Amino acid sequence: MRNTRTTGNPLLIGLGITEPVPGQIARASDGYPPYNIERVRSDAANEDDRLRITLAVAGFGEDELEVSVEAGHLIIRGRQAERVEPEYLFRGIAARHFQRVFRLEKGMDVLSASLRNGLLSIDLIRPISAQMVQKINISSAQ
């Protein structure tokens, strides 16, 4: 049975974060699987804020990956089915279970996830909040 790798404290994901938050990021010595986080820009001024997390998951099929949100954390798990292993002369492609966790900033939601060419892309969105006007009644002292 292969070990499942989990990174340390989860990275805080949100659009207002420009610098690492002290105490929130702890990189494990093993950065598996590697990932990118990018801001997805739009030309439309009224477009919702979007981010994309892309993980390199070579060798994993769609049925071996799980993406979930639990208590404000985005959790990505990879668990490969047991297979007959060939006799490798060199093995450079990792094939082990993993779990990667990201803490979501309040208001961030998962829009979609897709697997293409060994890359798992997860799109996050923060909907633009509707401008709400609230009228406050003024009472007069009597």
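The values are calculated or read from the model by the stated rules, or taken from the named source; none is laboratory data. None of the values given here were measured: they were computed from a predicted structure. All Cβ positions, glycine included, derive from the backbone under ideal geometry; neighbour counts span all protein chains shown. SASA here: full protein model, heavy atoms, side chains in, ligands and nucleic acids out. Shrake-Rupley method; radii C 1.70, N 1.55, O 1.52, S 1.80 Å.
Could you tell me which numbered condition M108 fails, if it satisfies all but one of (1) in contact with a Leu (Cβ under 8 Å, 6 or more places away or on another chain); (2) closer than 20 Å to R41 by Cβ; (3) modelled with pLDDT of 90 or more?
(3)
Which one is farthest from L111 (Cα to Cα), of the residues in region 55-69 that are among the aliphatic types (A, V, I, L, M) and in a loop (DSSP other than H, G, I, E, B)? So that I can check it myself, show each step before the final result.
Applying the first criterion (among the aliphatic types (A, V, I, L, M)) to region 55-69 yields 55-58, 65, 67, 69.
Within this subset, residues satisfying the condition of being in a loop (DSSP other than H, G, I, E, B) are 57-58.
Working: V57: 20, A58: 23 Å.
By that ranking, first place goes to A58.
Looking only at region 59-72, count every residue that is within 12 Å of the chain's Cα centre (by Cα), in contact (Cβ under 8 Å) with a residue 24 or more places away in the chain and open to solvent by less than 50 Å² (accessible area, probe 1.4 Å) and tell me the total.
Within region 59-72, residues that are within 12 Å of the chain's Cα centre (by Cα), in contact (Cβ under 8 Å) with a residue 24 or more places away in the chain and open to solvent by less than 50 Å² (accessible area, probe 1.4 Å) number 1.
When residues of region 92-110 are filtered for being under 25 Å from G31 (Cα atoms) and either of a type outside the set (D, E, K, R) or open to solvent by 100 Å² or more (accessible area, probe 1.4 Å) (or both), how many remain?
Narrowing region 92-110 to residues under 25 Å from G31 (Cα atoms): 92-105, 108-110.
Pick out the ones that are also either of a type outside the set (D, E, K, R) or open to solvent by 100 Å² or more (accessible area, probe 1.4 Å) (or both) and you get 92-95, 97-99, 101-102, 104, 108, 110.
Number satisfying all stated conditions: 12.
Output the number of the condition that S140 fails; it satisfies all remaining conditions of (1) more than 16 Å from Y32 (Cα to Cα); (2) of a type in the set (S, T, N, Q); (3) outside any loop (DSSP other than H, G, I, E, B).
Going through (1) more than 16 Å from Y32 (Cα to Cα); (2) of a type in the set (S, T, N, Q); (3) outside any loop (DSSP other than H, G, I, E, B) one by one, S140 breaks only (3).
Have a look at I37, I13, I75 and point out the one that is at pLDDT below 80 and either surrounded by 15 or more Cβ atoms within 10 Å (Cβ to Cβ) or not basic (K, R) (or both).
Only one candidate passes the filter, namely I13.
Of all residues in region 70-106, which are over 16 Å from A56 (Cα atoms) and assigned to a strand (DSSP E or B)?
Result: E70, H73, L74, R103, L104.
Does region 79-91 contain at least one residue that is free of Cβ contacts under 8 Å to residues at least 40 places away in the same chain, closer than 30 Å to R41 by Cα and open to solvent by 90 Å² or more (accessible area, probe 1.4 Å)?
Within region 79-91, none of the residues are free of Cβ contacts under 8 Å to residues at least 40 places away in the same chain, closer than 30 Å to R41 by Cα and open to solvent by 90 Å² or more (accessible area, probe 1.4 Å).
Take the conditions open to solvent by 30 Å² or more (accessible area, probe 1.4 Å) and closer than 22 Å to G31 by Cα and apply them to A113. Does it pass?
Considered against the rule, which asks whether it is open to solvent by 30 Å² or more (accessible area, probe 1.4 Å) and closer than 22 Å to G31 by Cα, A113 comes out as yes.
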